[in-house]
């Protein structure tokens, strides 16, 4: 899998279900925008008549992100 950030390359799909060249994007709970992005994604899934189970799980994860004790503006590592 291809991460948008090289410092996330250590995060791997051990089961090998994601193709090596497929782009992926990771949002962390500390990113102050992450929960809002997940809720927007859930809305898009529902708008397209997608699986409501996915939108429910996504909103649940957004709630857990909101509850995370540290939120900050996203940044890049100093050596990027």
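Values in this text are rule-based calculations from the coordinates and carry no lab data. Just so you know, these numbers come straight off a predicted model, no measurement behind them.
Points worth noting:
- Computed extension gain for residue 78 through residue 28, at 0.36 nm per residue and net of the alpha carbon distance, reaches 16.2 nm.
- Cα gyration tensor shape of the chain, rounded if a/c is under 1.5, else prolate or oblate by comparing a/b with b/c: oblate
- Over the chain, Cα pairs under 8 Å with separation of 6+ residues give a relative contact order of 31 percent.
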